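A short worksheet on the structure shown next.
The values are calculated or read from the model by the stated rules, or taken from the named source; none is laboratory data. From a predicted model like this one, the values you see are computed outputs, not experimental measurements. Because the Cβ atoms are built from the backbone with ideal geometry, glycine has one as well, and the counts that use them run over all protein chains shown. The area values use the complete protein model at the heavy-atom level, side chains included, leaving out ligands, DNA and RNA. Shrake-Rupley method; radii C 1.70, N 1.55, O 1.52, S 1.80 Å.
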Amino acid sequence: MTAGASDRTADRAGGPPRGRFITFEGGEGAGKSSQLAHLAERLRGRGLDVVLTREPGGSPGAECVRHALLGGAAEAFGPLAEACLFAAARADHVDRTIRPALERGAWVISDRFYDSSRVYQGDGGVAKEMLRLLEAVAVEEVRPDLTLLLDVPALVGLDRAGARRGGAIADRFEKEGLAVHERRRRAFLDLARAEPDRFAVIDATQSPSKVSEAIWRNVQERLAVAPPIEAR
Ligand SMILES: Nc1ncnc2c1ncn2[C@@H]1O[C@H](COP(=O)(O)OP(=O)(O)OP(=O)(O)O)[C@@H](O)[C@H]1O
Ligand SMILES: [Mg+2]
């Protein structure tokens, strides 16, 4: 089966059991990219096929759009057009990468997904209803089973992101002021409160190993990870 828009209507009856879809969310420098890699290793240690991906991007078409979005070129189009570009990238990401992986039984872990659009584009002034409409078109039935929200005060995250970046130029979103980042943090926490079954909020001010343990506990409890191969 080729990946693409036609997959959206494909009959999946009789295929392998669907994999699981985990997303990492949170502000800049919260530790998403580092923790995602740890979690992937742990899941692979349980014999699972794990696909790591990211947004914006995650498929060749969406990576092209990423360049325009994070480089700032798309900012000139205005908030609604920018939100449409995020949605277009997401539709390609879902069709080419996420859905095919889930259908073959893989576990997919994405560094950001639609909660970031809800927060960042929502804060940018695009109406919530419009964002939910774009989201529904982009993802159809492909929604996360678990969203790990790595929560840190904006200042902590920005300090970490700045230290990691060294002398390199901040991207379109990192450049914004502290108050904006704090507002986004609260918006992420509001989303988590609204969907407690999907979200796990992790205190990401802790040491990397403590954060990693908290993530693993949540993944095991909520997604019923198989025991280690030697224990079966
Ligand atoms: N728990 C932690 N304690 C201290 N430093 C951390 C912790 N987690 C990550 N870091 C460091 O903070 C920096 C940012 O981490 P990372 O790149 O994983 O964050 P991120 O959430 O992916 O950020 P961005 O949204 O900017 O991509 C890295 O240099 C990383 O080593
Ligand atoms: Mg990152």
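Taken as a whole, the structure leaves residue 157 outside the set of residues that are modelled with pLDDT under 95, closer than 21 Å to residue 33 by Cβ and open to solvent by 50 Å² or more (accessible area, probe 1.4 Å).
For every residue, the table says whether it meets (1) of a type outside the set (Val, Ile, Thr); (2) open to solvent by less than 20 Å² (accessible area, probe 1.4 Å); (3) in contact with a Gly (Cβ under 6 Å, 6 or more places away or on another chain).
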{"position": "83", "(1), (2), (3)": "yes, yes, no"}
{"position": "98", "(1), (2), (3)": "no, yes, no"}
{"position": "113", "(1), (2), (3)": "yes, yes, no"}
{"position": "124", "(1), (2), (3)": "yes, no, no"}
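In summary, residue 55 fulfils each of the numbered conditions (1) within 20 Å of residue 27 (Cα to Cα); (2) more than 16 Å from ligand 2 (Cβ to nearest atom); (3) not aromatic (Phe, Trp, Tyr) with the single exception of condition (2). Residues that are modelled with pLDDT of 95 or more, outside any helix (DSSP H, G or I) and among the hydroxyl-bearing types (Ser, Thr, Tyr) occur in region 48-64; there is at least one. Filtered by the rule that a residue be touching a residue at least 24 places away in the same chain (Cβ under 8 Å) and open to solvent by 20 Å² or more (accessible area, probe 1.4 Å), region 59-71 gives 60, 61, 65, 70, 71. Screening region 166-177 for residues that are more than 11 Å from ligand 2 (Cβ to nearest atom) and either in contact with an Asp or Glu (Cβ under 8 Å, 6 or more places away or on another chain) or touching a residue at least 40 places away in the same chain (Cβ under 8 Å) (or both) and picking the one that is least open to solvent (accessible area, probe 1.4 Å) gives 173. Against the list (1) more than 16 Å from ligand 2 (Cβ to nearest atom); (2) closer than 21 Å to residue 26 by Cβ; (3) touching a residue at least 24 places away in the same chain (Cβ under 8 Å), the condition residue 125 fails is (2).
Among the residues of region 102-111, the one identified as within 16 Å of ligand 2 (Cβ to nearest atom), open to solvent by less than 10 Å² (accessible area, probe 1.4 Å) and not polar (S, T, N, Q) is 109.
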